Amino acid sequence: MGPIGVLCLQGDFREHLQTFEALGVETVRVRKPADLEGLKGLVIPGGESTVIDKLSSTFGLRDPIIELIGRGLPVFGTCAGLILLADRIVDGVATQKTFGGLDVTVQRNAFGSQLESFEADIRFEGIEEPVRAAFIRAPIVLETGPEVSVLATLNDGRVVAVRQGNVLGISFHPEVTGETAIHEYFAQMCKTVDFKSRN
Amino acid sequence: MTDKAKDSKSTPLVKRGLAEMLKGGVIMDVVTADQAKIAEDAGAVAVMALERVPADIRAQGGVARMSDPDLIDQIIASVSIPVMAKARIGHFVEAQILQSLKVDYIDESEVLSPADYVHHIDKWKFDVPFVCGATNLGEALRRVTEGAAMLRSKGEAGTGDVSEAMKHIRTILGEVRALSSKSEDELYVAAKELQAPLELVREVARTGKLPLVLFTAGGIATPADAALMMQMGADGVFVGSGIFKSGNPAARASAIVKATTSFDDPDVLANVSRGLGEAMVGINVADLPAPHRLSERGW
């Protein structure tokens, strides 16, 4: 089993690396295509989705990441990462692209300005205790396709965590609140999803 | 299912959370909606909306104040990335207005003319988060005590001379390293000398790092400048006059973004530094008489 890669172009990648390290999970920083070799999983962190989108193209990571997702590499996106894993986005900038992988429509910055950002306890399917989650200018999942499982919602029913096979996307930041349960969930996913790094 | 969703906005964690998301990014000064769009397209992680960039404030003189709300509204409407705006040091009413305009962050900034030569804004009273400048650790920790959610080293804005930014980040991070090597009983005097609360001084000594995200600012004009700051240990950079006072703002902005990400890869830095046209002309900080040094504002 290889390490879990964390896309380190922009955003709170350090917090993801620290969370996995605290769990004893081996990690590697991904900044160029060669860093993608031999991974058992990949994390797309929080940050600014427009910036991560541009930089992933600039540094030649976009196409290999799309290919790896297609071949079944387990991938976990938080906030901006969820946007980048969505097949469709609303309120993006005109030129903004995503990697895709989740058959969902995601609305960027769905709550409004930073004044609407909040923290809350979330019930997450498959995790016993509530998870303390920070929603920072967060996106929301507006529509889900038939293959998509909803793992968490807000009180009003709005969807904030989804999984489709090897792809996990959440609109909040467990890595900022010191939560480890969802990272453990993803590390487990990396063990159980059948992905061979070669062929 | 959520609990407490209503009453958990604007917590310290939520305020600091946005700064965490900006890390590794470039925040660009813009004075029009068109510039804001150029900045967003070039990969800015946020924009700072203001009426005049620091180089023009310096050249034109006079009292520099908060921007016109119409301008801030236009900039907020033109981009999808976070928008910051500046209030004068100590001018809590400008800050109230900026909060009412729903900016994402307020910069209590020495680039504007100070409104209070003794007190800074009590930032705990606000729901919107604040970023504040600092030239040394004591100043940084005083801003933390007042409720800042993000820090930036000041540098000397509007000069295109990176030497003050270098001095300030070296000072701040050097003082953090010095604190972390002190014994517990030496921290009382350290707190007195830093003019910062003992509890915060203890926290920095114990963790060996600042309690907040630290960007750097003031004089960054080239991709190499941005990478220099990142190699020094900054979490990200502010670029003020350096972009829109240069020959080709879009190309320079994009190059600085790439350099900030690939700050430790000289091959990438060489590539992105090519063909950017004229950098801003700049002023050597050493040629600035002391009363015109903005970094000395703030207490």
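Values computed for the structure shown
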{"read-out": "Enumeration of residues in region B:121-159 that are crowded, with 24+ Cβ neighbours inside 10 Å and farther than 22 Å from B:K23 by Cα", "value": "B:I121, B:G158, B:T159"}
{"read-out": "Residue satisfying all of: in region B:1-34; surrounded by fewer than 17 Cβ atoms within 10 Å (Cβ to Cβ) and outside any helix (DSSP H, G or I); modelled with the lowest pLDDT among these", "value": "B:M1"}
{"read-out": "Tally of residues being in contact (Cβ under 8 Å) with a residue 24 or more places away in the chain and open to solvent by 100 Å² or more (accessible area, probe 1.4 Å) across region B:168-199", "value": "4"}
{"read-out": "Helices (runs of 4 or more DSSP H) contained entirely in region B:231-299, each with at least 1 residues that are within 12 Å of chain A (Cβ to nearest Cβ)", "value": "B:249-261, B:266-272"}
{"read-out": "Single residue of region A:92-110 satisfying the filter (away from chain B (no Cβ under 14 Å) and among the polar types (S, T, N, Q)) that is nearest to A:S171 (Cα to Cα)", "value": "A:T105"}
{"read-out": "Counted residues, region A:66-81 - those being surrounded by fewer than 24 Cβ atoms within 10 Å (Cβ to Cβ) and either within 8 Å of the chain's Cα centre (by Cα) or of a type in the set (V, I, T) (or both)", "value": "2"}
{"read-out": "Set A:C79, A:C8: member being within 14 Å of chain B (Cβ to nearest Cβ) and within 20 Å of A:G165 (Cα to Cα)", "value": "A:C79"}
{"read-out": "Region A:14-26 residues that are without any contact (Cβ under 8 Å) to a residue 24 or more places away in the chain and within 14 Å of chain B (Cβ to nearest Cβ), paired with ones that are hydroxyl-bearing (S, T, Y) and in a helix (DSSP H, G or I) (beta carbon under 7 Å, 6 or more apart)", "value": "none"}
{"read-out": "A:G11 vs. criteria surrounded by fewer than 19 Cβ atoms within 10 Å (Cβ to Cβ) and part of a loop (DSSP other than H, G, I, E, B)", "value": "no"}
{"read-out": "Single residue of A:L84, A:L42, A:L55 found to be under 15 Å from A:L168 (Cα atoms), part of a helix (DSSP H, G or I) and either at the interface with chain B (Cβ under 8 Å from one of its Cβ atoms) or open to solvent by less than 10 Å² (accessible area, probe 1.4 Å) (or both)", "value": "A:L84"}
{"read-out": "Odd one out for A:S117 among (1) in contact with a helix residue (DSSP H, G or I) (Cβ under 6 Å, 6 or more places away or on another chain); (2) away from every other protein chain (no Cβ under 12 Å)", "value": "(2)"}
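The values are calculated or read from the model by the stated rules, or taken from the named source; none is laboratory data. As the structure is a prediction and not an experimental result, all values here were calculated from the model. Neighbour counts run over all protein chains shown; Cβ positions are idealised from the backbone, glycine included. Accessible surface is based on the protein model in full, side chains and every heavy atom, while ligands, DNA and RNA are left aside. Shrake-Rupley method; radii C 1.70, N 1.55, O 1.52, S 1.80 Å.
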